[in-house]
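Input: a single structure, listed below in structure tokens.
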Amino acid sequence: MSHDATPRTLDAWLARLEAAHPVGIDLGLERVAEVARRMGLAGRLPASRVISVAGTNGKGSTVAMLEALARAHGLATATYTSPHLLRYNERLRLDGAEVDDATLIAGFEAVEAARLAPEPVSLTYFEVGTLAALWAIARRRPDLAILEVGLGGRLDAVNVIDADVAVITTVARDHAAYLGDDLDGIGREKAGILRAKRPAVLGSVRLPAGVHDVVREKGAVPYTLGDHFRRGEPSAKGWRWVGRDTVGELLDLSDLPDPGLPLDNAATALQALALVGVELEAVACGRALGSVSLPGRMQWLGQWCLDVGHNPHAAAYLARRLAARPCAGRTWVLLGMLADKDADGVIAALAPVADAWVPVTLAGERARPATDLAERLAAHGATVAWLAEAPEAGAEWLAQCLAPEDRVLVCGSFFTVAAILAWKQSGATPS
């Protein structure tokens, strides 16, 4: 990173950070831990209580529900997530509001000063962003910090913090170039955020053996969905959650509203919050779950449903949700994916609920051409209605031919959803 002139705007800082490190992802804690130590972040929590959240799918919705539930109980919160959809500021939320540019810039400046002295340390874009966020949170010292772990776990920058409670949502195949294809191995990496004698909230009934092995090896205290806590099926009156508090006493909440996000993740968020000492109140929980929303996760904009799901596990969840909500018309899928994702697996998972497809090309080096998606769709016997050179072009075409009773699923990548969100905000009128 060149140090000649200190960037003055957030955009300038982000441009500088993107060019700073030879690779975008460089898993390992030595460099980031050294800079964290220089910044006074190592060995201390940035908030009174900290929950870290790792997993393949479901991290974003779990974090969103943790934040909503904590705020409904009167806690001051800080939430760090990645990636963002439209603005970098989305990554850090203080008391439910996106952080301002000045706070981010101050954090970047603090990281840069520590990074350079006494000996320069190279950091990735994500590592600088994580340290800047932790610095900003530590200055505020809220009641609860909720930290979403990046693609890994054990070697992720967020793991420099020893969280009070660690959550693992799901483990599935994704990011194979960095984590491999072996589910046990992926599970071990995700479980690297666990700590000895501290709660490990395991939010899926189907986690690989590698996760449970690490729980035992580290001496963490497991709270497993379906065993130590559970959730009932939704009904007209709502759904029920049963869990445990910090001393093992049974907790029971009934008639909870459907948050429109995975109920396994809602149950997991409730259990994690109970384990950091929050006394769960039925009215506050109902208010939080009844109002929580998360951009890009089963987000409906009229006839359009936007979801960042980009692997077969996430696509299967989307298919189940759409199947449970049938429509009178056709279901179109606007699909844009990166080249390193399992496109065939996503197509196979969505095929039962899709009537017609509009594959689109994403920008950038990792992009998968629409023509490649079209070939794969044809091999699956799917109907390809149109090929588009960009998500916006696909949306423009679809907007001209949608019937009032039709719907569109936009998925396959954060980039695909971000493009359609921006297209929508620019004044385009879908349908």
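The values are calculated or read from the model by the stated rules, or taken from the named source; none is laboratory data. Predicted, not measured: the structure shown is a model, and the values here were computed from it. Methodologically, a virtual Cβ is constructed for each residue, glycine included, from the backbone with ideal geometry; neighbour enumeration extends over all protein chains shown.
Points worth noting:
- When the residues of segment 160-183 are filtered to those that are hydroxyl-bearing (Ser, Thr, Tyr) and either assigned to a loop (DSSP other than H, G, I, E, B) or surrounded by 19 or more Cβ atoms within 10 Å (Cβ to Cβ) (or both), the one that is modelled with the highest pLDDT is Thr169.
- Odd one out for Val410, checked against (1) under 25 Å from the mean Cα position of the chain (by Cα); (2) in a helix (DSSP H, G or I); (3) among the β-branched types (Val, Ile, Thr): (2)
- Inspection of segment 94-116 identifies at least one residue that is within 21 Å of Cys285 (Cβ to Cβ) and surrounded by fewer than 23 Cβ atoms within 10 Å (Cβ to Cβ).
- Of the strands (runs of 3 or more DSSP E) lying entirely inside segment 237-324, those containing at least 2 residues that are within 23 Å of the chain's Cα centre (by Cα) are 299-301, 304-306.
- Scanning segment 117-140 for residues that are among the hydrophobic types (A, V, I, L, M, F, W, C), under 20 Å from Ala12 (Cβ atoms) and either modelled with pLDDT under 95 or crowded, with 22+ Cβ neighbours inside 10 Å (or both) turns up Leu123, Phe126, Val128, Leu131, Ala132, Ala133, Trp135.
- Check on Val211, of a type in the set (A, V, I, L, M), touching a Gly at 6+ places or on another chain (Cβ under 7 Å), touching a residue at least 40 places away in the same chain (Cβ under 8 Å) and under 24 Å from Ala157 (Cβ atoms): yes
- The residue that is surrounded by the fewest Cβ atoms within 10 Å (Cβ to Cβ), among those in segment 387-407 that are within 21 Å of Val353 (Cβ to Cβ) and over 30 Å from the mean Cα position of the chain (by Cα), is Pro404.
- Sole exception among (1) within 19 Å of Ala269 (Cβ to Cβ); (2) surrounded by fewer than 20 Cβ atoms within 10 Å (Cβ to Cβ) for Gly210, by number: (1)
- The C-beta contact set for segment 380-398 (first residue without any contact (Cβ under 8 Å) to a residue 60 or more places away in the chain and in the same structural domain as Gly345 (by TED's automatic domain parsing), second residue buried (at least 18 other Cβ atoms within 10 Å of the Cβ) and in a loop (DSSP other than H, G, I, E, B), distance under 6 angstrom, 6+ apart or interchain) comprises Glu389/Thr361; Pro391/Gly336; Trp397/Trp386.
- Condition met for Leu66 (over 14 Å from Ala266 (Cβ atoms), at pLDDT 95 or above and in contact with a strand residue (DSSP E or B) (Cβ under 9 Å, 6 or more places away or on another chain)): no
- Residue pairs whose Cβ atoms lie under 6 Å apart, sitting 6 or more positions apart in sequence or on different chains, and linking a residue in segment 151-168 that is under 13 Å from Ala33 (Cβ atoms) to a partner that is basic (Lys, Arg) and surrounded by fewer than 24 Cβ atoms within 10 Å (Cβ to Cβ), are Asp162/Arg195.
- Some residue of segment 292-311 being of a type in the set (Ser, Thr, Tyr) and within 30 Å of Ala363 (Cα to Cα): yes
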